[in-house]
Amino acid sequence: PSAYEVVGADGTTPAAPADQALLRAWRGEEFSGLVQWTGPEDARRAVVCSSRRIVLRDHPDEGAVGTVFLAWDATDALDAARVRDEFLGTVTHELRTPLTAIVGYLDLHHELEHDDVPAGGAAPTYLAGVRRNVRALADHIEDLLVTAQPEELGSTEMDVVAVARAAIEAAAGRACEAGLRLELEGPDTLPTVANEAAVRQVLDHLLDNALACTETSGVTV
């Protein structure tokens, strides 16, 4: 490849002449938001291109009489987005490691609670609160990771009712402080295929807003 070339949106894959924005527009193709990088390899610029054919309103049967081609330099914006994504990716991966260990120890303690060890005092309640908040923190970290790398957002089999019940348990303390009733109505189970962290986030936000806007009685999910 030459020192001066056009590459795709990933900044590395060479674009064949027939796929380059100007030649596509010259052939009469219409497109919008096409990103290509152009220039010397050590100083490439990102260009966002759009192309539209011109058709005279009074003479539509004549077909297109020309082409409008627009391009703007988006290098700075794309560079800033890349730096942000790299930062978020690094931070979330670094946070994941200790958080995974914490969750593991909490789950182990939860299993021990069901053995023959007698439970008493406020410790179980406190540990349950820690467990809920660690799970919430883990969800927030997943949100950051998805923001940085949206391709990692995947769907699995999940139970919406179980997620809703967990969200209500996490918000129970806030509802109690506000003197509000918080309850769940619906079937015992509701299986579906979705991203569990995303569904949990939606439910958490809905509950936060509902509790913030409710002064008397309670909130029913």
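The values are calculated or read from the model by the stated rules, or taken from the named source; none is laboratory data. Since we're looking at a predicted model, the values are computed, not measured. Neighbour counts run over all protein chains shown; Cβ positions are idealised from the backbone, glycine included. For accessibility, only protein heavy atoms count, side chains too; no ligands or nucleic acids. Shrake-Rupley method; radii C 1.70, N 1.55, O 1.52, S 1.80 Å.
Ligands, DNA and RNA left out, the accessible area of the stretch 3-64 computed with a 1.4 Å probe is 55% carbon and sulfur. Estimated at the nearest 10 Å², the accessible area of Glu41 is 140 Å² with a 1.4 Å probe. Where does the charge balance sit around Glu29 when Lys and Arg score +1, Asp and Glu -1, over other residues with C-beta under 13 Å from its C-beta? Charge balance near Glu29 sits at +2. In the calculated pair-distance distribution of the stretch 26-90, the portion above 19 angstrom amounts to 52 percent of the Cα-Cα pairs.
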